[in-house]
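Here the structure is laid out as structure tokens; the discussion comes afterwards.
Read-outs throughout are calculated quantities, based only on the coordinates presented, and are distinct from any laboratory measurement. This is a predicted model, so every value here is computed, not measured. FYI the Cβ positions are ideal-geometry reconstructions off the backbone, even for glycines, and counts take in every protein chain you see.
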Amino acid sequence: MLIEEGIRRLLGPFELELTSAQVGQVLTYLDLLLHWNAKINLTAIRTPEGCVTRHFGESLYLARWTSLQGNLLDVGSGAGFPGLVLRIIFPPLTTTLLEPVAKKRAFLKEVARACGIAPVEVRADRLEDYVRRNPAARFDCVTARAVGALDRLVPQAAKLLKSQGKLCLWVSRAQGEELSQLHKEVTWDAPIRVPLARQREIWIGTR
């Protein structure tokens, strides 16, 4: 099992400044992820090293480029990347996670409890259902990673953003080209190349 030194080495390319307490939260999260992944399908990545770089590193890398505050909505949370893990580096965030699969919701709640990052609201809604049921809801930030149908996601997510709110998306380079051409609901910054990845980028848009 990895220890703090190993976590810091693996996260080195992402240039993150984590305290020992935050690395401890990553270790606790990682242990739960590997344990639960043996029972339910949370990620196709099976090695601790791969999970640290691909999931934790890529999610937390956002903190190198922007600071999040207020309330955050994470769409299609799955195993909690990026929405739940961002609470490690931005503890004050009020966080709502949308995840329709019951077993994954149970995992998210267990991680939040074990890592001491509660309260976190975990809801069964899909994005379009959440927008319909909560027409007055507004967030400072909406995040989504490794999701498709951006032509539907971006307009729906934009409806939930406050003025000057941020939409942060982890996408492939091809999806990024689609974002730059099709979606005018938000104003996009230059794409951020993800370390150790040739085809993955982070896009940050402002409403």
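Quick one: work out the % antiparallel among DSSP beta bridges in the chain, nearest 5. Before the final figure, lay out the partial values.
Numbers: 11 of 30 bridges.
Expressed as a percentage, antiparallel bridges in the chain total about 35.
Helix by helix, which DSSP H runs in the chain go 20 Å or more along their axis at the Cα atoms and have an average Kyte-Doolittle hydropathy of -0.5 or more?
For the chain, where a helix must reach 20 Å along its axis and average at least -0.5, the hits are 20-37.
Pairs of lysines in the range 4-206 whose Cα atoms sit within less than 23 Å of one another amount to 6, provided the residues are eight or more positions apart or on different chains.
If you take every residue apart from Asn134 with its C-beta less than 12 Å away from the C-beta of Asn134, what net charge results, scoring Lys and Arg +1 and Asp and Glu -1?
Values: positive: Arg123, Arg132, Arg133, Arg138, Lys159; negative: Glu121, Asp125, Glu128, Asp129.
My count for the surroundings of Asn134 gives +1.
Annotation for the range 187-207 versus the range 26-62: alpha-carbon center distance of 21 Å. Listed from fewest to most Cβ neighbours within 10 Å, the set Phe81, Phe14 follows the order Phe14, Phe81. Take every pair of alpha-carbon atoms less than 8 Å apart whose residues are at least six positions apart; their mean separation over the length of the chain yields a relative contact order of 16 percent.
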